[in-house]
Each structure stands twice: as C-alpha cells, then as structure tokens.
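The values are calculated or read from the model by the stated rules, or taken from the named source; none is laboratory data. Since we're looking at a predicted model, the values are computed, not measured. Using ideal geometry, Cβ is built from the backbone for each residue, glycine included, and neighbour counts are taken over all protein chains shown. Side chains are part of the model used for accessible areas, which takes the heavy atoms of the whole protein and leaves out ligands, DNA and RNA. Shrake-Rupley method; radii C 1.70, N 1.55, O 1.52, S 1.80 Å.
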Amino acid sequence: EENAEITLDVSLAYRDDMFDDWEEIAHAVELRKLKCTFGSPKTLDSEGRHYDCDFLPFMEIGSVAHKYYLINIRLPVNERKGINVGIGEIKDIRLVGIHQNGGFTKVWFAMKTFLTPSILIIMVWYWRRITLMTRAPVLLEKVIFALGISMTFINIPVEWFSIGFDWTWMLLFGDIRQGIFYAMLLSFWIIFCGEHMMDQNERNRLSGYWKQVGPIAVGSFCLFIFDMCERGVQLKNPFYSIWTTEVGTELAMAFIIVAGICLCLYFLFLCFMVFQVFRNISGKQSSLPAMSKARRLHYEGLIFRFKFLMLITLACAAMTVIFFIVSQVTEGHWKWGDITIQVNSAFFTGIYGMWNLYVFALMFLYAPSHKNYGEDQSNGDLAVSSGEELQLTTTITHVDGPTEVYKLARKEAQE
C-alpha cells in the first residue's frame with residue numbers, strides 16, 4: 001500500500017565468550033515508513049517481482065565494547081490492529097553496517113595522544129607570555145586562549161577508555177565537544193575582525209559583539225537540542241530515530257532550518273566585517289611612505305601577515321564546509337577501478353589536524369611581543385612624527401603592549 005508502515009519487534013544482546021548466555025542490551029517495538037517503488041506495471045504479469053525500497057534507519061550504538069552482538073528482528077502480524085498489514089510479502093532483509101575500522105582507529109588515537117600535549121605546551125607558553133605583561137590581557141588574547149581550551153577539550157583522548165568501558169555516550173560527548181569548538185571558532189572570527197577595525201569605538205569588550213555572537217549561540221543551542229532528541233534518546237533505546245515520525249521529522253527540520261538561518265546571518269556579518277578590515281588596513285598603508293625605513297618595512301610585514309592569516313582562515317573554513325558536504329553525499333569511500341579512496345577517513349584526520357595547526361599558529365603568532373620598534377631603530381632615517389605614532393600604535397605607552405598586529409589596528413576613532 002501507499003505510505004505503508006512496518007512494525008519491527010527488535011532486540012539487541014551481547015556476550016564476551018562463545019559459551020556465555022546472551023545478555024539483552026535493549027528491546028523495542030519500532031515503526032518505520034516504507035518508501036518503495038515498483039518498476040513494472042501492477043498487473044498479474046508482474047506478480048512475483050520485487051519492490052525497490054529505500055534504506056531505513058535501524059539502530060545506532062555509541063560503543064562496541066563486547067566481542068559478540070546478536071540482533072533479533074521480528075515482524076509480528078495482527079490483522080485486527082492493522083500491524084504489518086499491507087506491506088506485501090517480505091522476501092529478504094538487507095542490513096548495512098557502518099563502523100569505524102581498525103586502521104582509522106589507530107591513526108585517530110595516535111593523533112589525539114600526540115596533539116594533546118602539543119597544544120597544552122603552546123597554551124602554557126602563550127598564557128605565560130601574557131602574564132609577563134604589566135597590563136591586563138586584552139579581549140583578543142582571551143578569546144585566542146579560550147579557543148585553545150576548546151581545542152584541547154577535543155584533543156583529550158578519552159577514546160582510550162572506550163576500549164575497556166562500555167561508554168555508549170561517546171558519540172553524544174563527541175558531538176558536544178565538536179559543537180563547543182565550532183561555536184568558539186565562529187565567535188573568534190567575529191571578535192578577531194572586530195578588534196582589527198580601526199574606526200570602531202566599542203573595543204576590547206565582549207558586550208560589543210552581542211549582535212554577531214547572539215546568532216551563533218542560538219544556532220548552537222538549536223543543534224544541541226536536535227542532537228539530544230536524537231542521540232540522547234538513543235542512550236536508552238538504540239533503535240530510536242527522530243526521522244521516523246512526521247512530528248519528529250518536522251521538529252528536526254525546524255531546528256536545522258533555524259540553525260541554518262543563524263549561520264547565514266553570521267556569514268553576512270563576517271563578510272561585512274572582513275571587508276571593513278581590509279579596507280581600513282589598506283587605507284593605513286598610505287601612511288607608510290612617510291615613516292622611517294625600518295618602521296615602514298616592519299609594518300608592511302605586519303599587514304602582509306594579517307592578510308595572509310585571513311586568507312588561511314577562509315581556506316580552512318572552505319575545507320570544513322567541503323568536508324561536511326562530502327561526508328553527507330558519499331557513502332564513506334569512492335572507488336575507481338581497483339583503487340578505493342577512504343574519503344571520510346582522510347577528511348576526518350585532515351580537518352582535525354588542520355584545525356590543530358590553525359590554533360597552534362594563532363597562539364604562536366599572536367603571543368604578546370616583547371620587542372620595541374621605536375624611533376631608536378630608524379638608523380638615522382627620518383624620525384616618525386607624533387601624529388604617525390598615534391595612528392599606528394596603541395594608546396598604551398609602556399613597552400609591554402599587545403601584539404604587533406593588534407598595535408597596528410587598535411586606533412581609537414577620535415585619534
């Protein structure tokens with residue numbers, strides 16, 4: 001029949017020895033809507049031909065800590081209640097299993113084990129450089145440090161414990177860790193651009209970015225609620241899927257649409273701010289010819305490094321978007337002839353390593369500088385005027401100022 005529903009009486013059990021009794025993990029009675037097509041006309045001549053049905057979501061478990069698993073599937077029939085009536089004659093059932101293979105697991109565990117101390121070391125070094133300053137940390141430095149903390153939260157190799165413990169919440173925990181990092185990364189980009197906009201009055205205050213950070217918080221909260229409705233329920237019932245009912249599908253789509261709208265608003269804000277930053281910094285380049293040679297070369301290098309960092313940021317964001325699209329479109333690998341390309345594995349490790357390198361480079365390049373590029377380094381060249389000094393340096397007068405790029409950009413509007 002059209003829009004026929006199939007009722008599955010399913011259970012999942014495990015054992016760790018061939019001679020042990022099976023212990024039941026979960027049992028449920030689930031409804032699934034069949035989406036089937038019949039390739040031939042529905043006549044007597046087509047009797048016995050098979051329908052072509054779409055795959056149905058069956059179950060998802062967060063860890064595989066036992067050696068043997070048993071899946072029991074029953075199709076009970078009750079004509080009085082209309083259970084499994086009108087679904088035709090079942091000839092076979094095909095199960096498709098998606099799992100994390102051993103080779104990827106070794107690489108994944110090794111990367112997390114190696115990168116965790118690496119990011120921790122650069123974080124300690126970065127914060128030590130900040131504490132050596134005679135001033136309080138500025139907002140940009142705090143946000144970079146918070147980004148390092150969120151990256152470390154992802155890096156901590158708690159997956160090692162999933163080998164000996166049946167932690168079914170690992171998938172949900174991984175989604176939460178990844179969501180925190182991406183929310184922190186999106187907030188960092190907004191604040192990073194805002195702190196380099198030289199004609200902006202609201203500086204060094206988180207409250208000045210509520211219009212941009214607000215949509216990020218709302219979108220992240222919507223995706224968190226969606227994840228809890230899906231994988232949160234699967235902690236008790238691994239056969240549950242929010243997409244199996246009309247109400248669940250509409251609710252899930254509503255959360256995804258709201259998150260998508262917030263993401264579009266975010267990118268509009270970000271593109272506008274990036275345009276303003278590049279315009280302002282390009283305008284400041286007109287002041288460079290009047291400087292001494294040493295200072296001019298120094299600030300030309302700073303402008304080049306800032307623009308280069310922005311281009312690297314856009315490239316990293318593009319790679320992440322491509323990763324999400326490819327991971328949704330493909331089935332995990334592409335095959336050309338006898339060569340199989342593990343796309344998802346390569347993207348997972350590549351994107352993960354890329355973001356670690358990005359955060360590492362941010363903390364390394366934006367650690368407060370202890371160098372002084374004053375007029376004494378002009379080597380006899382024409383000294384810079386006081387007006388130029390105000391335009392291209394911070395209002396903090398002591399040597400222990402912010403980073404050099406931050407010095408270049410942090411000019412108050414009234415100056």
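Order 145-153, 1-9 from most to least packed using the mean count of other Cβ atoms within 10 Å.
Details: 145-153: 18.8, 1-9: 13.9.
Ranked from most to least packed, the peptides come out as 145-153, 1-9.
Would you kindly derive the ³J(HN,Hα) couplings of the range 55-66 from the backbone phi angles with the Karplus curve 6.51 cos²θ - 1.76 cosθ + 1.60 (θ = phi - 60°), listing them in order in whole Hz, with x for Gly and Pro?
The phi angles translate into 5, 10, x, 10, 7, 8, 10, x, 8, 10, 8, 10 Hz.
For a 31 Å ceiling on Cα separation, which of these pairs sit above it: Lys42/Lys236; Lys33/Lys106; Lys211/Lys236; Lys211/Lys284? Before the final figure, lay out the partial values.
Working: Lys42/Lys236 42 Å; Lys33/Lys106 38 Å; Lys211/Lys236 38 Å; Lys211/Lys284 27 Å.
In this structure, Lys42/Lys236; Lys33/Lys106; Lys211/Lys236 exceed 31 Å between Cα atoms.
Dividing the convex hull volume of the alpha carbon atoms of the range 1-156 by its residue count, what do you get in Å³ per residue?
Cα convex hull per residue, to the nearest whole number: 240 Å³.
Once label points are set 7 Å from the Cα along Cα→Cβ at both Ala217 and Asn280, what is their separation, rounded to one decimal in nm?
2.3 nm
Taking the Cα centre of the range 61-188 as the origin and placing charges on Cβ (Lys, Arg +1; Asp, Glu -1), which of Met111, Ile130, Leu95 is farthest toward the positive end of the dipole?
The one lying farthest along the dipole's positive direction is Ile130.
Can you tell me the relative contact order of the range 102-366? Whole percent, Cα pairs under 8 Å, sequence separation 6 or more. Working shown, then result.
Numbers: 188 pairs, mean separation 58.1, N = 265.
Relative contact order, the range 102-366: 22 percent.
Could you go through the range 121-127 in sequence order and give the Karplus-derived ³J(HN,Hα) for each residue, using 6.51 cos²θ - 1.76 cosθ + 1.60 with θ = phi - 60°, rounded to whole Hz, and x for Gly and Pro?
Each residue's phi maps through the Karplus curve to give 5, 5, 5, 5, 4, 5, 5 Hz.
Tally up the carbon and sulfur contribution to the accessible surface of the range 4-81 as a whole percent, 1.4 Å probe, everything protein left in place. Each step should come with its number before you reach the end.
Numbers: 2860 of 5800 Å².
For the range 4-81, the apolar C and S fraction of the accessible surface comes to 49 percent.
If amide H atoms are built 1.01 Å from N in the plane of the peptide, which residues on other chains or at least 5 residues away come under 5 Å of the amide H of Ile83?
Here Asn78 satisfy the definition.
Three principal axis extents, largest first, for the C-alpha atoms of the range 145-189, in Å?
Sorted from largest, the Cα extents of the range 145-189 read 39, 16, 8 Å.
Given Ala183, Ala252, Gly283, which one lies farthest toward the positive end of the charge dipole of the range 102-366, if we put +1 on the Cβ of every Lys and Arg and -1 on the Cβ of every Asp and Glu?
The Cα lying farthest towards the positive end belongs to Gly283.
Assigning unit charges at the beta carbon (Lys, Arg +1; Asp, Glu -1) and nothing else, what dipole magnitude in debye, to the nearest 20, does the range 68-164 show about its Cα centre? Don't skip to the answer; put the middle values down first.
Values: 11 positive and 5 negative charges, 48 e Å.
Roughly 240 debye, rounded to the nearest 20.
When you count, for each residue, the other Cβ atoms within 10 Å and take the mean per peptide, how do 287-298, 42-53 rank with the highest first?
Taking the mean over residues of other Cβ atoms within 10 Å, the ranking is 287-298, 42-53.
Express in Å², to the nearest 10, the accessible area of Cys262 obtained by rolling a 1.4 Å probe over the protein heavy atoms while all chains stay in place.
Counting only protein heavy atoms, Cys262 exposes about 20 Å² to solvent.
Taking 37 °C and 0.692 mPa s as the conditions, I'd like the Stokes-Einstein D for the range 4-81 in µm²/s, using the Kirkwood hydrodynamic radius from alpha carbon pairs.
On the way: Rh = 15.7 Å.
Value of D from the Cα-based Kirkwood radius: 209 µm²/s.
Name the residues whose placed amide hydrogens come within less than 5 Å of the amide hydrogen of Ser241, ignoring near sequence neighbours (fewer than 5 apart) on the same chain.
Residues meeting the amide H criterion: none.
Residue-wise, which Karplus ³J(HN,Hα) couplings in Hz belong to the range 135-146, taking 6.51 cos²θ - 1.76 cosθ + 1.60, θ = phi - 60°, and x for glycine or proline?
Calculated HN-Hα couplings, in order: 10, 7, x, 7, 4, 4, 5, 5, 5, 4, 5, 5 Hz.
Give the accessible surface of the range 4-81 per residue, rounded to a whole number of Å², with probe radius 1.4 Å and ligands, DNA and RNA excluded. All intermediate terms of the calculation are to be shown ahead of the outcome.
Numbers: 5800 Å² over 78 residues.
With all protein chains present, the range 4-81 gives 74 Å² per residue.
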